[in-house]
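Here the structure is laid out as structure tokens; the discussion comes afterwards.
The values are calculated or read from the model by the stated rules, or taken from the named source; none is laboratory data. Since the model is a prediction, treat every value here as computed from it, not as a measurement. Note that each Cβ is placed from the backbone with ideal geometry, even for glycine, and that neighbours are counted across all protein chains shown.
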Amino acid sequence: DVKVTQSSRYLVKRTGEKVFLECVQDMDHENMFWYRQDPGLGLRLIYFSYDVKMKEKGDIPEGYSVSREKKERFSLILESASTNQTSMYLCASSPRQIRYGYTFGSGTRLTVV
Amino acid sequence: DAKTTQPNSMESNEEEPVHLPCNHSTISGTDYIHWYRQLPSQGPEYVIHGLTSNVNNRMASLAIAEDRKSSTLILHRATLRDAAVYYCILRSTYNTDKLIFGTGTRLQVFP
């Protein structure tokens, strides 16, 4: 089964900490994405990447950065975690061809205290 | 990005067909219509997509209006496992290839 794996299911961090959320896909997909999901706001796109070392801002990039050094791995970085970044974070990947769908990971529920 | 409009919620009984509507009146010629669903405590899951013709797969059918301004996801026999939030999304490579999620339709299935 093809997979998108997120390193942690649950994470608790303190305000001001630097946080790394890791995502790995085993499908050789070119595109990778980070979303966050909050009640009443749905899924919002933070950053995405079309290729190694490439990144594009999504709709809510403030407070986040990303890294894509290898094709299979896309990391989301919270430089200085804040309580308003408490959320469910979802990683996804897709092939470049539009006729294929996205594959999502199971999510990381991050709590910043 | 072109927008979609879906009802907030729908209900169905088990074993009955379910028709989930989606309006996308500003769809452009390069936009594919994608459907995803999200089961409780899971990430979204791809269901089906189409461009102009109706599509069938093992999970569902997608009926696309002739003018492409609306579409309907059809679950032929709802099961309790189909209870989820269903998202209708337009995907285009005209500008940048990214999925923009709306609020979706929450489907409840009753035994």
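Find all pairs meeting these conditions: Cβ atoms under 9 angstrom apart; at least six residues apart or on different chains; first residue within region A:47-60 and aromatic (F, W, Y); second residue exposed (fewer than 13 other Cβ atoms within 10 Å of the Cβ).
Taking only residues 6 or more apart or on different chains, the pairs are A:F48/B:T96; A:Y50/A:R96; A:Y50/B:T96.
So B:N13 clears everything in (1) surrounded by 12 or more Cβ atoms within 10 Å (Cβ to Cβ); (2) over 10 Å from the mean Cα position of the chain (by Cα) except one condition, right? Which one?
Answer for B:N13: the failing condition is (1).
Taking region B:60-111 as the region of interest, how many residues are basic (K, R), within 14 Å of chain A (Cβ to nearest Cβ) and either in a strand (DSSP E or B) or touching a residue at least 12 places away in the same chain (Cβ under 8 Å) (or both)?
First, pick out the residues of region B:60-111 that are basic (K, R): B:68-69, B:77, B:81, B:91, B:98, B:106.
So of that shortlist, the ones also within 14 Å of chain A (Cβ to nearest Cβ) come out as B:91, B:98, B:106.
Going one step further and asking which of them are either in a strand (DSSP E or B) or touching a residue at least 12 places away in the same chain (Cβ under 8 Å) (or both), we end up with B:91, B:106.
So the count comes out to 2.
For region A:20-102, which fully contained strands (runs of 3 or more DSSP E) count at least 1 residues that are within 11 Å of another protein chain (Cβ to nearest Cβ) and out of contact with any Asp or Glu (no Cβ under 8 Å at 6 or more places or on another chain)? Write out each step before concluding.
Numbers: elements: A:31-38, A:42-49, A:64-70, A:73-78, A:87-94.
Qualifying strands (runs of 3 or more DSSP E): A:31-38, A:42-49, A:87-94.
Tell me whether region B:35-52 contains one or more residues that are more than 12 Å from chain A (Cβ to nearest Cβ), at pLDDT 95 or above, out of contact with any Cys (no Cβ under 6 Å at 6 or more places or on another chain) and not in a strand (DSSP E or B).
Taking region B:35-52 first, the residues more than 12 Å from chain A (Cβ to nearest Cβ) are B:52.
This time we only want the ones that are at pLDDT 95 or above, so: none.
Within region B:35-52, not a single residue is more than 12 Å from chain A (Cβ to nearest Cβ), at pLDDT 95 or above, out of contact with any Cys (no Cβ under 6 Å at 6 or more places or on another chain) and not in a strand (DSSP E or B).
Could you give me the residue pairs with C-beta distances under 7 Å whose first residue belongs to region A:24-44 and is without any contact (Cβ under 8 Å) to a residue 60 or more places away in the chain, whose second residue is of a type in the set (D, E) wherever it lies, and which are 6+ apart or on separate chains?
The qualifying pairs are A:V24/A:E72; A:D26/A:E72; A:R44/A:D59.
Would you say A:R73 is under 12 Å from the mean Cα position of the chain (by Cα) and farther than 23 Å from B:Y87 by Cβ?
Values: under 12 Å from the mean Cα position of the chain (by Cα): yes; farther than 23 Å from B:Y87 by Cβ: yes.
So A:R73 passes the test.
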